[in-house]
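To keep things clear, I will list the structure first and then write my remarks on it.
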Amino acid sequence: MQTLSSSLLLLAASSAFESHLPGHWTPRALLSITYLAVCATALTYQLLFWLLSRVPLAVIGVMPLLDTLVAVLLGVVMLGERVDASLLMGGALILSSAALANLPSSPPAPAPSEPTGTSTGAGPLASSPRRAA
């Protein structure tokens, strides 16, 4: 529903601000739109909901980070985009954040226990007398 409502808003904005621009509805353009609607949107959401019951949420949360990294690497390999220091730094940050998100969590610290015989029974809001040093 979110994708449908946002696509309707984008269509309205496009017709309001870009109606003077020429549009070419070639078979290749229609095939591209169909691919984006079916494979890149509907199928992806179905796979996400299928994964939710099978994979820890921390792993699913990292997927968009890795998706960006894969897209940049495909641009380098397939389109010959330039690799520079900022690209390498960004990739290192993405991989390190993905690794941090998937570290096993440490066990919670044990709650401090009260020594036996010191409880006044007055409850947690009762003030205790101060001892002189």
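The values are calculated or read from the model by the stated rules, or taken from the named source; none is laboratory data. This structure is a prediction, so every number in the text was calculated from the model and none was measured. Glycine also receives a Cβ, built like all others from the backbone with ideal geometry; neighbour counts cover every protein chain displayed. Areas reflect the complete protein model, heavy atoms only, side chains present, ligands, DNA and RNA absent. Shrake-Rupley method; radii C 1.70, N 1.55, O 1.52, S 1.80 Å.
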Checking rank on 16-28, 95-107, with mean other Cβ inside 10 Å and highest first, the result is 95-107, 16-28
Taking a crude spin-label model, label points 7 Å out from Cα along the C-beta direction, the V77 to S113 distance in nm is 5.6
Nearest-0.05 FRET efficiency for L48 and S106 at R0 = 25 Å, using Cβ-Cβ distance, is 0.30
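Quick check: from the Cα gyration tensor, does the range 35-91 come out rounded (a/c under 1.5), prolate or oblate? Show your work: numbers first, answer last.
Working: a/c = 4.43, a/b = 1.64, b/c = 2.71.
Taking the square roots of the gyration eigenvalues as a ≥ b ≥ c, the range 35-91 is oblate.
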With R₀ set to 25 angstrom, the calculated FRET efficiency between the beta-carbons of L87 and A40, to the nearest 0.05, is 0.55
Expressed per residue, the solvent accessible area of the range 29-73 in Å² (1.4 Å probe) is about 75
FRET efficiency for V55 and L31 from the Cβ-Cβ distance with R0 = 35 Å, rounded to 0.05, comes out at 0.65
For E81, the residues 5 or more places away or on another chain with a placed amide H closer than 5 Å to its own amide H are V76
